[in-house]
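S.K.: One structure follows; several queries about it will come next.
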Amino acid sequence: MSLGTFASYSDIVSTETESPPDPTEHSLLEDAYAMLTGCIMVALGLVLMKSAGIVTAGVAGIALLISYYVPYGVGLLFLLLNIPFLLLAAKTLGREFFIKTTVAILLIFVLADVARSAMIIDWVHPAFAALAGGTLVGVGILALVRHRTGVGGVNVVALWAQKSRGWNLGRLSMVLDAGILAAAAYSLTLEQWLWSMLSIPAIYMELIAYHKPGRYLGHSRR
């Protein structure tokens, strides 16, 4: 920066030499591979939980529950429910985050359909589905948010709160999702509800442990 009408020597030098590359920046190939990896893990986690007859929280869980009462598919409901959250992302988290999140939402459900067609899961214990499936979803979300991508819904609200207020992404997401599942308890059997609740800490312990403000942000305003 200049001081008054005089430029410092370091400013002059900086204009004549190239700045070192930012080690935190990802290449397009890295972003694309991270998005594919994250979406695959989220899709596999959802398939495991669905095969065990349990549900998870977030917009996906809400869409699943609503689909029992209206003649629309879960995928369409998921997209419709995510519209206000995508608008929030576009307004507060930047255009890049908005575009990537929209692509991720579409990709997750495409991959979930592919996974159900490519695998036959005869039986899975709901405890394993909640823990292993939840962990897969958590790692997938972590991969996505580290590359400025969300999965819509609660994830967008939590990233916005982290950016504007410095709140912990994992803890806030877990609280919001617990509230959603608590409201959905009347639509589930007690056993389904209890196993579904177990999936929440399995998902968000990954974010609590490995995604903290100042260490590795999942969004950027450009």
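S.K.: Taking a ≥ b ≥ c as the square roots of the Cα gyration tensor eigenvalues, with a/c under 1.5 meaning rounded and otherwise prolate when a/b beats b/c, else oblate, which class fits the stretch 143-212?
M.R.: prolate
S.K.: Pull out the extension gain between Met205 and Leu80, defined as 0.36 nm times the separation in residues minus the alpha carbon to alpha carbon distance; nm, one decimal.
M.R.: Computed gain between Met205 and Leu80 is 42.2 nm.
S.K.: For the stretch 62-102 and the stretch 152-202, what is the centre-to-centre distance using only Cα atoms, to the nearest Å?
M.R.: If we compute the Cα centre of each part, the gap is 16 Å.
S.K.: How much of the calculated P(r) for the stretch 94-192 lies past 18 Å, in percent of all Cα pairs?
M.R.: So the pairs more than 18 Å apart make up 59 percent of the total in the stretch 94-192.
S.K.: Still on this structure, please answer the following. Between Arg95 and Tyr186, what FRET efficiency follows from the Cβ-Cβ distance if R0 is 41 Å, with the result rounded to 0.05?
M.R.: 0.55
Values in this text are rule-based calculations from the coordinates and carry no lab data. Given the structure is predicted, the values throughout are model-derived calculations rather than measurements. Ideal geometry is used to build each Cβ from the backbone, glycine not excepted, and the neighbour counts take in all protein chains shown.
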